[in-house]
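Below you'll find the structure, written out as structure tokens, and then a few comments.
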Amino acid sequence: MKHFPIFLAVEGRHIVLSGGGDAALAKLRLLLKTEAHLTVFAPDPAPEIVNWAQSGRLTLCRRAMEPGDTLCAALFYAADEDATEDARTAAIARADGALVNIVDNLGDSQFITPAIVDRDPVTVAIGTEGAAPVLARAIKTDLEARLPATLGTLARIGKAFRKMVEVLPMGRARRDFWAEYYFAEGPRAIAQGDEAAVAQTLDDLLARHRAAPDRPGHVAFVGAGPGDPELLTLKARKTLDSADVVIHDRLVAPEILELARREATLIDAGKEGFGPSMEQDDINRLIVEHAGAGAQVVRLKGGDPTVFGRLDEEIDAVEEAGISWHIVPGITAASASVATIGQSLTRRGRNAAVRFLTGHDMKGFADHDWHALARPGEVAAIYMGKKSARFIQGRLIMHGADRATPVTVIENASRPGQRVLSTTLDRLPQDLAEAHFTGPALTFYGLAPRTAQAALAHTRQELA
Ligand code: SAH
């Protein structure tokens, strides 16, 4: 971030602008929305500027700017649309101690003005650091369509009511009150009546929330998907958005954690494959402790929580403590991985069933399971299978599997740095070692990427 967004307090402060043409007008239209004192220096001002001056909305000096004109100014805009004059006025303002913006000159400006969605007191500022003004405008249009024009009114009335709401306990109780006001009762009242109706609604709502019993703690076991934040379900997003505490796995991408409320407590309960880890019992205890204290806990797991996530142990612990819970499913790594290689998990005439296996449990895999898996056409998605590749290969070949059976390993499915290794059972351990996969990887036994599969079928045909 080369520019840090802030909201500057300008009430009663001076903002100075030099220029009287189109660029000056565009900036002044924005600046007139503020409660700052505006002064414009322009020997030849546009008629709009003259009108604003006559109606007392700004001070107009019909001359070029001179040293000392920007003393005590908070901001200065060089808007003469003339490089030499802009450089001259900017130098004066800088010497006078004002923050300087030169219109359409990003490099020499100390600050830039964002695209603004105005629902005062709610203001959305959009910046692209000058990279894509088109994008900023598109986002602005999109937000303007989405944020009702009445939002500003609701926020203004709500702001005046903030003190009253302090009778509710801090934290969740107050958040629930405001959420109901802004997203349900407030819009309804304003649609049906006027500002008085909104004020009455606030009174009623507060009385109702004061009488309501405290919401007990709760645990949501939420699937975070394979990594791409866009593969998160809407329900997962919503649940994250209202969490007090988020206890997450190592596999959960930072972009997804960003979606939690800023005030939420984030706890990393990452269990590194074989490295330092938090014991399952500690995780269970942590979940129960927070939910027991009344928090809305999100237990956030990579992929789908019901797939190799030790979910049942956590549910048992939560149930034992008498705490309510529910599951929000997610997209499992196997689904994201087949999507990457353009394949189906099942396919009529090839495999009617697919096995989900974990490399961790392979040692206890019974002989009859290996035998079944070694049959032609079988497909298995092997989670955490990197370390056991050689063992798996040995067992399958021992039970009669074809050494030429396709095997595909997908690392970082749906994440940046996604890689696909397409090999055969015969070459799996060597190829995997050479690929040096360090991210999470899923091994598909019996599946090749669709393009490789087509090439393979073609070769077979030629041989026949
Ligand atoms: N509950 C998760 C799986 C947890 S086990 C799910 O449904 O996906 C962790 C294993 O999942 C990793 O060792 C790896 O084998 C696999 N995995 C998770 N995310 C992955 C990704 N983005 N790409 C490839 N494999 C992934």
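The values are calculated or read from the model by the stated rules, or taken from the named source; none is laboratory data. Predicted model, so just to flag it, every value in this text is computed and none were measured. As a convention, Cβ positions derive from the backbone with ideal geometry for all residues, glycine included, and neighbour counts pool all protein chains shown. Each accessible area value is taken on the protein alone, full model and side chains, heavy atoms only, with ligands, DNA and RNA left out. Shrake-Rupley method; radii C 1.70, N 1.55, O 1.52, S 1.80 Å.
Under 17 Å from a point placed 7 Å out from the Cα of A211 along the Cα-to-Cβ direction: which residues of region 173-205 have their backbone N that close?
Answer for this model: 177, 200-205.
Nearest 500 deg cm²/dmol is fine: what mean residue ellipticity at 222 nm does the chain get from its DSSP H runs of n ≥ 4 alone, each adding -39,500 (n - 2.57), divided by its residue count?
That comes out to -11000 deg cm²/dmol.
For the chain, give me the percentage of DSSP beta bridges that are antiparallel, rounded to the nearest 5 percent.
Among the beta bridges of the chain, antiparallel pairing accounts for roughly 35 percent.
How big is the equivalent ellipsoid of region 304-391 along its three axes, where each semi-axis is √(5λ) from the Cα gyration tensor, reported in whole Å from largest to smallest?
29, 18, 12
What's the local net charge at G446, with K and R +1, D and E -1, over the other residues with C-beta under 12 Å away?
Residues near G446 contribute +2 overall.
Figure the gain on full extension for R427 and R94 (residue separation times 0.36 nm, minus the Cα-Cα span) and round it to one decimal in nm.
Residue separation times 0.36 nm, minus the Cα-Cα distance, leaves 113.1 nm.
How many nm separate the modelled label positions at M278 and R13, each set 7 Å beyond the Cα in the direction of the Cβ?
Distance between the two pseudo-spin positions: 4.2 nm.
Suppose a student asked you for the relative contact order of region 1-148, using Cα pairs under 8 Å spaced at least 6 residues apart; what percent would you report?
Normalised by residue count, the contact order of region 1-148 is 19 percent.
Can you pull the accessible area of M278 for me, 1.4 Å probe, Å² to the nearest 10?
Taking all protein chains as shown, M278 has close to 60 Å².
Tell me the Rg and the Dmax, in Å, that the Cα atoms of the chain produce.
31.2, 94
List the lysines whose alpha-carbon lies under 19 Å from that of K27, not counting same-chain residues fewer than 8 positions away?
K140
What FRET efficiency comes out for R310 versus R175 if R0 is 25 angstrom and r is the Cβ-Cβ distance? Round to the nearest 0.05.
0.20
A197: net charge of surrounding residues, Cβ under 14 Å, Lys/Arg +1, Asp/Glu -1, itself excluded?
-4
Rank D204, D44, D86 by accessible area, highest first, at a 1.4 Å probe radius?
Of D204, D44, D86, the descending order of accessible area is D44, D204, D86.
Considering only protein heavy atoms and a probe of 1.4 Å, how much of the accessible area of region 310-464 is carbon and sulfur, as a whole percent?
About 54 percent, which is the carbon plus sulfur part of the accessible surface.
Relative to the present Cα-Cα distance, how much length would full extension add between A46 and A199 at 0.36 nm per residue of separation?
Fully extending the segment from A46 to A199 adds 50.8 nm.
Along Cα→Cβ, 7 Å out, is where each label goes; now give me the distance between the ones at F183 and R29 in nm to one decimal.
Label-label distance for F183 and R29, simple model: 3.4 nm.
Would you rank W52, W370 by solvent-accessible area, highest first, keeping every protein chain in place and using a 1.4 Å probe?
Ranking W52, W370 by accessible area, largest first, yields W52, W370.
Within region 1-45, find all residues whose amide N lies under 12 Å from a label point positioned 7 Å from the Cα of A131 along Cα-to-beta-carbon.
It comes to 1-3, nothing else.
In whole percent, what relative contact order does region 300-346 give with Cα contacts below 8 Å and a gap of six or more residues?
43
Just need the relative contact order of the chain here, percent rounded to a whole number, with Cα pairs under 8 Å and 6+ apart.
Averaging sequence separation for qualifying contacts and normalising by length gives 9 percent for the chain.
Just name one of P47, G439, P449: the one whose Cα is farthest towards the positive end of the charge dipole of the chain (beta-carbon charges, Lys/Arg +1, Asp/Glu -1).
P449
Can you compute the FRET efficiency between S324 and N105 using 1/(1 + (r/R0)^6), with r the Cβ-Cβ distance and R0 = 56 Å? Round to the nearest 0.05.
0.45
How far apart, in nm, are the 7 Å Cα→Cβ label points at A160 and L266?
The two pseudo-label positions are separated by 3.9 nm.
At a Förster radius of 22 Å, what calculated FRET efficiency corresponds to the Cβ-Cβ distance of M398 and R355, to the nearest 0.05?
0.75
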